[in-house]
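Chemist: First the structure, which I've put down as structure tokens, then a few questions once you've had a look.
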Amino acid sequence: SDIEEVGLVVENFVEKYGGVGYVEGEDGEHWQTDEAPNVATAKVSLILKDAVVIGDSAFFGSKILSKVTATCASEVRQYAFSNCSNLSQAFLPIAVQVHSNTFMHCRKLIEVALPNALSIDEPAFLAC
């Protein structure tokens, strides 16, 4: 099926969302990314411009996240992208630490770029 891909750019991620995968609606209400009315039926290509740390379980279980680019994330905590059933690409160019189970059960994950990773905990990629 052809599902539209939506680009979602999130700035001030930590300040606005505290490291959790939420999207703010026009009325100021918050939805989990899979529940947001304008992206619930789309694949989301997410760009995080200023997250320093992607928190524990930030996008856990997202069904719509297909790509993530986090150019300023130095650390990705445990379960951040676990069970993201459609995640196929992750680009984390400055991440130096990736915690356990970060990408657990991301069965469609085919491309990951972690060029500066100094520590990747086992099992960061369990059951991929």
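All of the numbers you see were taken from the coordinates with simple rules; none came from a lab. Computed from a prediction, not measured in an experiment: that's the story for all the values here. With ideal geometry, Cβ positions are generated from the backbone for all residues, glycine too; neighbour counts draw on all protein chains shown.
Chemist: Once amide H atoms are built 1.01 Å from N in the peptide plane, which residues 5 or more positions from PHE91, or in another chain, come under 5 Å H to H?
Modeler: Residues meeting the amide H criterion: VAL68, THR69, ALA70, ALA113.
Chemist: Checking the a/c ratio against 1.5 first, then a/b against b/c, what shape does the Cα gyration tensor give for region 63-127? Could the numbers behind the result be given before it?
Modeler: Details: a/c = 1.89, a/b = 1.27, b/c = 1.48.
Oblate.
Chemist: Within 11 Å, Cβ to Cβ, of ASN83, how many net charges do the neighbouring residues add up to if Lys/Arg are +1 and Asp/Glu are -1? Write down the numbers at each step before the final one.
Modeler: On the way: positive: LYS63, ARG107; negative: none.
After counting each charged neighbour, the total is +2.
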